[in-house]
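The values are calculated or read from the model by the stated rules, or taken from the named source; none is laboratory data. Everything quoted here is computed from the prediction, not taken from an experiment. Note that each Cβ is placed from the backbone with ideal geometry, even for glycine, and that neighbours are counted across all protein chains shown. Accessible surface areas use protein heavy atoms only, side chains included; no ligands, DNA or RNA. Shrake-Rupley method; radii C 1.70, N 1.55, O 1.52, S 1.80 Å.
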Amino acid sequence: MKLTTITNISVDGVMQGLGGPEEDRRDGFRRGGWALPLFDARAEELLGGIYQRAEAFLFGRRTYDVFATSWGAVPEMAASPIGRALNERPKYVVSGTLPEPPWAGTTVLSGDLAAAVGELRARPGGELQVHGSGTLLRWLLEHELVDEMVLLTYPVVVGQGTRLFPADGPDAALELVEVGPVSNGITMQVYRPAGRPRYAA
């Protein structure tokens, strides 16, 4: 399967608490809910199509918990195209502290994560999608396990919060595969990792 990450970010790279003010208050974050006012029917249709492409989903623990109590539990959300994809397809969550996953169709991955993800990628099928899951996403990038990155960039500067890329992390060149407008100033960029970047002498 192709491992594809899908990330909603602000122009300044923030991915924390996009859905609501109470979604993620870590480190005193007070600006949650910055994406939802811009997320309209066109954006929902595009994102629903992305979710429908998935063969399976891979989550970090925090994003899994948020999704399980929303897309997996709220009837109107579960009935949407995004909810149907999430509820009908296999889900994998990386956790060393989740003995009994509450969401049907979930397998917990613990131990040698590189081996577990490598085994999933080796299976036949379409996309193994990672939504959100910032800590996991950064780990996958560092270990060169990402095949494609989809960034949905919202026209807002949040000014605080956890960013997709850390201030001191690995560098990477990216090949632009696709770019285009979504709606309300949201744009989509699709990249493939392309090794190390070139630096001027």
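Computing the accessible area with a 1.4 Å probe over protein heavy atoms, can you report the carbon and sulfur percentage for the stretch 1-109?
55 percent
From zero outward in steps of 5 Å, how is the percent of C-alpha pairs of the stretch 106-150 spread across the bins?
Here the calculated profile for the stretch 106-150 is 5, 18, 33, 32, 12, 1.
Only sites in a loop by DSSP and with at most 16 other Cβ atoms within 10 Å count here; which trypsin sites (Lys or Arg not before Pro) in the stretch 1-80 make the cut?
Arg25, Arg30, Arg31, Arg53
Please give the per residue accessible area of the chain, computed with a probe of 1.4 Å over protein heavy atoms only, in Å².
With the other protein chains kept in place, the chain gives 51 Å² per residue.
Sort all Cα-Cα distances of the chain into consecutive 5 angstrom bins from zero, then give the percent of pairs in each bin up to the one containing the longest distance.
For the chain, the pair-distance distribution reads 1, 7, 15, 20, 22, 19, 11, 4, 1, 0, 0, 0.
Could I have the simple spin-label model distance between Asp65 and Ala78, label points 7 Å from Cα toward Cβ, reported in nm to one decimal?
Simple spin-label model gives 2.1 nm for this pair.
Using Cα-only point scatterers and the Debye equation, what is log10 of I(q)/I(0) for the stretch 111-201 at each q in 0.14, 0.20 Å⁻¹, rounded to two decimals?
Result of the Debye calculation: -0.65, -1.22.
If you keep only loop residues by DSSP, which GluC sites (Glu not before Pro) in the stretch 1-78 have at most 11 other Cβ atoms within 10 Å of their Cβ?
Glu22
If you build a Gaussian network model of the chain, linking Cα atoms that sit under 10 Å apart, which residue out of Gly161, Gly132, Gly111 swings the most?
Gly111
Which loop-located trypsin sites (Lys or Arg not before Pro) does the stretch 95-201 contain, where loop means any DSSP state but H, G, I, E or B and the Cβ has at most 16 other Cβ atoms within 10 Å?
Of the trypsin sites (Lys or Arg not before Pro), the ones in loops of the stretch 95-201 whose Cβ has at most 16 other Cβ atoms within 10 Å are Arg198.
Does the stretch 43-135 classify as rounded, prolate or oblate by the C-alpha gyration tensor (a ≥ b ≥ c root eigenvalues; a/c under 1.5 gives rounded; else a/b over b/c gives prolate, otherwise oblate)?
oblate
Given springs between every Cα pair under 10 Å in a Gaussian network model of the chain, which of Val179, Val158, Val94 has the largest fluctuation?
The residue that fluctuates most here is Val179.
Using helices alone, I'd like the mean residue ellipticity at 222 nm for the chain: each DSSP H run of four-plus residues gives -39500 (n - 2.57), total over residue count, nearest 500.
-7000 deg cm²/dmol
Grab the beta carbon distance between Val177 and Asp12, set R0 = 25 Å, and tell me the FRET efficiency rounded to 0.05.
The calculated FRET efficiency here is 0.60.
Name the residues whose placed amide hydrogens come within less than 5 Å of the amide hydrogen of Gly132, ignoring near sequence neighbours (fewer than 5 apart) on the same chain.
Distant-sequence amide H within range of Gly132: Ile6, Asn8.
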